[in-house]
Amino acid sequence: MSDYEVFNLGPTTLQCGLTLPEAQLAYKTYGTLAPDKSNVVLYPTSYGAQHTDIDWLIGPDRVLDPDNYFIVIPNQFGNGLSSSPSNLAEPYGKGRSPRFTHWDNVHAQERLLREMFGITNLALAYGWSMGGQQALHWGAIFPDRVARICAVCTSARTSPHNKVFLEGIRATLTSDAAYQGGRFVERPLRSLRAFSRVYAGWAMSQAFYREQLWEKAGFTSLEDYLVRAWEGNYLRRHGEDLLSMIDTWYASDISDNPVYEGDLERALGSISARAIIMPSTTDLYFTETDSEAETRLMPNAEFRPIESIWGHRAGNPTHWPDDEAVLRQAVNDLLGA
């Protein structure tokens, strides 16, 4: 039996102009909803992740406390649980999957919260990486309904350099002989393993590898780390789902919608939520400089970098309690206020 629920969205028109006859949003909740519905924390998923990959930081002594808050993890479109290339019925799927955007994700999440739970306002939108992109989209699209935002190792708009990385991993996946006619005709083991190793080189900092910090994460060698932590992670996923989430990440832009018509400065300026923006000082995807430039345009945002050599994974520190403590303090500062 699955450990999550599925919200049936019914016919859903996506930002790309196509309509899914039966869109689905998989989600899981933690904690108890307050009678006045004032304790809601939305925690969207990151690239390649499902709710079980990120709910480690939910607990009484973790970053998000379910004893005080009702935490909702919606699985983003394309991650294999919500509507994704791997589970779409024809005429979609098999090389005909629509492109999902965070506009689609956020509007599906809004419907889930409102129609299933009667929730219209968020105490906190929390997210790391692509989850942080969704949190910032919430702040721009529904500015009067989000009280606080904690956006970790992320961006309001995917930068050109970040797009170069995405082009690289897309090319790695699609170079497999199994990729034919816009889809994988069999499991692309070779390219999934290559993809994982390319990803590992970007996700962690140079200092992480120089200081052999994989040992602190319980791995016996660099090769052990690459095989078990990275290949093992992405071999769980369907190749076309990974490509779908690359497309979503690539297109991420809080201003690319009918509300802001590409005006990023206006979109950032509309985020009225009290926010803490937390890049990692060694993140190669979402750089500290890019993040600071975006934060300056948000009227109620604090720029609070994570001083860490764990690169992008400083924002999801499953093996490093020092970075987790920094995240926990930020959430406490936001919710305590």
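No lab work stands behind these numbers, since they all come straight from the coordinates. Model, not experiment: these values are computed from the prediction. All Cβ positions, even for glycine, are placed from backbone atoms using ideal geometry, and neighbour counts span all protein chains on display.
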Could you give the length gained by full extension between ARG210 and ARG187, i.e. 0.36 nm per residue of separation minus their alpha carbon distance, to one decimal place? 4.9 nm
Placing one equal point scatterer on each C-alpha of region 76-118 and summing with Debye, one gets log10 I(q)/I(0) at q = 0.28, 0.30, 0.35 Å⁻¹ equal to -0.95, -1.00, -1.12
Across region 259-275, in residue order, what do the Karplus-derived ³J(HN,Hα) couplings come to in whole Hz, using 6.51 cos²θ - 1.76 cosθ + 1.60 with θ = phi - 60° and x for Gly and Pro? 6, 10, 6, x, 8, 5, 4, 5, 5, 5, x, 7, 6, 8, 4, 5, 10
Where the centroid of each part is defined by its Cα atoms, how far is region 213-241 from region 144-205 in Å? 15 Å
What's the center-to-center distance, using Cα atoms, between region 1-73 and region 259-289 in Å? 22 Å
Which percent of Cα pairs goes in each bin when the distances of the chain are cut into 10 angstrom slices starting at zero? 6, 27, 36, 25, 7, 0
List residues of region 125-154, by number, whose backbone nitrogen lies under 14 Å from a label position 7 Å along Cα→C-beta of GLU5. none
Please report, in cubic angstrom per residue, the volume enclosed by the convex hull of the alpha-carbon atoms of region 1-80. 129 Å³
Could you tell me which residue out of ILE276, PRO35, GLN50 lies farthest along the dipole of the chain toward its positive end? Charges go on the beta carbon: Lys and Arg +1, Asp and Glu -1, centred on the Cα centre. GLN50
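So how strong a dipole does the chain carry about its Cα centre when Lys and Arg Cβ are +1 and Asp and Glu Cβ are -1, to the nearest 20 debye?
580 debye
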Given +1 on the Cβ of Lys and Arg, -1 on the Cβ of Asp and Glu, and no further charges, what dipole in debye does region 244-317 carry about its Cα centre, rounded to the nearest 20? 320 debye
Can you tell me which of 96-107, 287-298 comes out highest on packing, and rank the rest after it, using the mean Cβ neighbours within 10 Å? 96-107, 287-298
Based on DSSP H runs of at least 4 residues, each adding -39500 (n - 2.57), what is the mean residue ellipticity at 222 nm of the chain after dividing by all its residues, to the nearest 500 deg cm²/dmol? -9500 deg cm²/dmol
When a/c is below 1.5 the answer is rounded, else prolate if a/b is larger than b/c, else oblate, so apply that to region 216-311 with a ≥ b ≥ c taken from the square roots of the Cα gyration tensor eigenvalues. oblate
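Just add up the charged neighbours of SER280: K/R +1, D/E -1, any other residue whose Cβ is under 10 Å from the Cβ of SER280. It would help to have the intermediate numbers written out before the result.
On the way: positive: ARG313; negative: ASP283, GLU288, GLU307, ASP323.
Counting the neighbours of SER280, the net charge comes to -3.
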Going 7 Å from the Cα of VAL198 along its beta-carbon direction, which residues of region 236-279 have the amide nitrogen within less than 18 Å of the resulting point? 236-251
Residue by residue, what Karplus-based ³J(HN,Hα) values in Hz, rounded to whole numbers, does region 179-187 have, using 6.51, -1.76 and 1.60 with θ = phi - 60° and x for Gly and Pro? 8, 9, x, x, 7, 8, 8, 7, 5
Rounded to the nearest whole number, the per residue volume of the convex hull around the C-alpha atoms of region 160-273 in Å³ is 157 Å³
Percent antiparallel among DSSP beta bridges confined to the chain, nearest 5, equals 40 percent
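To the nearest µm²/s, what D does Stokes-Einstein give for region 39-84 at 4 °C and 1.567 mPa s, using the Kirkwood radius over alpha carbon pairs as Rh?
For the chosen part, D equals 117 µm²/s.
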Normalised by the residues of the chain, what does the relative contact order come to in percent, with Cα pairs under 8 Å and at least six apart? 18 percent
Go through 56-63, 216-223, 40-47 and give me the packing order, highest mean Cβ count within 10 Å leading. 40-47, 56-63, 216-223
Over region 258-316, consider all pairs of different Cα atoms and compute the Kirkwood hydrodynamic radius from their mean reciprocal separation; express it in Å, one decimal. 12.2 Å
Please find the FRET efficiency linking LEU222 to THR289, where r is the Cβ-Cβ separation and R0 is fixed at 30 Å, and quote it to the nearest 0.05. 0.55
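If you wrap region 94-238's Cα atoms in a convex hull and average its projection over all directions, what's the area in nm²?
Over all viewing directions, region 94-238 projects a mean Cα-hull area of 11.3 nm².
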